[in-house]
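Novice: Sharing a structure, written as structure tokens. Questions coming.
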Amino acid sequence: MSADRETASRFGAILRTWRRQNNLKQASLAHQLGVSQPAIARWEKGVDMPSPAMAARIRDLMSQSSNRELAVQKLLTERVSCIRALFDFEDMRLLAVSDGFRAIWPKFTDYLGVSLRDDLVNEAALVSHDRHLRQEILDGSVGLISGVSVNHTRLQVVTAIRHKWHASFRRFGTRVYIDMIYEPCSQDLNPGLIDVVRFDEVPELLIGEGPARSSDQD
């Protein structure tokens with residue numbers, strides 16, 4: 001694949017994921033941008049790229065909505081009592097933790113705002129560093145990963161506790177974030193990845209309630 005085609009494909013995947021997560025039809029987005037619905041379809045398929053000016057306008061639109069959504073997501077994470085944390089996937093920067101997280105790993109909150117990518121181990125390192133899986137996540141193909149771990153980093157501030165975790169991936173604007181939920185599990189469970197859920201395996205999740213449809217306008 002040429003560099004130009006790869007850029008168009010990546011841009012299209014980001015646009016498609018953002019549009020669907022914001023419950024926008026291609027026709028609605030086209031109306032906002034003053035272009036045709038087929039133009040949106042071509043961009044999302046990676047067949048064409050918008051002009052530099054239009055691409056900048058689209059990124060601005062993504063950014064405006066993503067800043068509000070990310071602020072709400074951080075607030076939600078901080079308010080719930082379950083064991084939960086929010087990360088920026090690209091550099092594994094810790095953005096927010098719940099009260100439940102603070103209760104189990106209180107010293108870990110010293111790393112709020114810090115990139116942990118170079119300190120990851122075991123299953124966390126696999127999700128972050130595996131080249132193929134990482135690209136699938138950045139392209140918006142992977143929605144959820146579940147696993148069992150004893151620890152996620154080599155940092156000494158974290159108590160090693162065997163637990164099950166679920167990582168859902170959301171795109172706010174041009175960046176991908178991980179909503180991590182942790183739960184106690186049997187000590188007999190072996191560490192490792194349990195499941196990787198890709199959106200094309202559950203297309204109904206992308207279009208809301210009702211039967212899945214294949215229309216490019218969804």
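The values are calculated or read from the model by the stated rules, or taken from the named source; none is laboratory data. All figures in this text were calculated on a predicted structure; none of them were measured in a lab. Don't worry about glycine lacking a Cβ; one is built from the backbone with ideal geometry, like all the others, and counts go over all protein chains shown.
Novice: Filter region 12-30 down to residues that are at pLDDT 85 or above and more than 9 Å from Glu44 (Cβ to Cβ), then give me how many there are.
Specialist: 5
Novice: Let me ask something additional. Could we say that Thr77 is under 18 Å from the mean Cα position of the chain (by Cα), under 27 Å from Trp165 (Cα atoms), in the same structural domain as Val158 (by TED's automatic domain parsing) and buried (at least 19 other Cβ atoms within 10 Å of the Cβ) here?
Specialist: yes
Novice: Give the residue that is farthest from Asp91 (Cα to Cα), with candidates limited to residues of region 153-194 that are at pLDDT below 90 and of a type in the set (Ser, Thr, Tyr).
Specialist: Among those that are at pLDDT below 90 and of a type in the set (Ser, Thr, Tyr), it is Thr159.
Yes/no per residue for (1) in the same structural domain as Arg117 (by TED's automatic domain parsing); (2) over 11 Å from the mean Cα position of the chain (by Cα); (3) crowded, with 18+ Cβ neighbours inside 10 Å; (4) of a type in the set (A, V, I, L, M, F, W, C):
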| site | (1), (2), (3), (4) |
| --- | --- |
| Ser128 | yes, yes, yes, no |
| Arg131 | yes, yes, no, no |
| Gly147 | yes, yes, yes, no |
| Arg162 | yes, yes, no, no |
| Val197 | yes, yes, no, yes |
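Novice: Quick one: would you say Ser66 is at pLDDT below 95 and small (Gly, Ala, Ser)? Before you say what the answer is, go through the steps one by one.
Specialist: On the way: at pLDDT below 95: yes; small (Gly, Ala, Ser): yes.
When the stated conditions are applied, Ser66 passes them.
Novice: Among all residue pairs at least 6 apart or on different chains, which show Cβ distances below 6 Å where the first residue, located in region 92-113, is assigned by TED's automatic domain parsing to the domain that holds His163 and the second is outside any strand (DSSP E or B) and among the small types (Gly, Ala, Ser)?
Specialist: Met92/Ser128; Asp99/Ser81; Gly100/Ser81
Novice: I've got another one for you. I'd like the full set of residues that are surrounded by fewer than 11 Cβ atoms within 10 Å (Cβ to Cβ) and either of a type in the set (S, T, N, Q) or under 20 Å from Leu86 (Cβ atoms) (or both), limited to region 179-195. Walk me through it before giving the result.
Specialist: At the first step, the residues of region 179-195 found to be surrounded by fewer than 11 Cβ atoms within 10 Å (Cβ to Cβ) are 186-188, 190, 195.
Correct list: Ser186, Gln187, Asn190.
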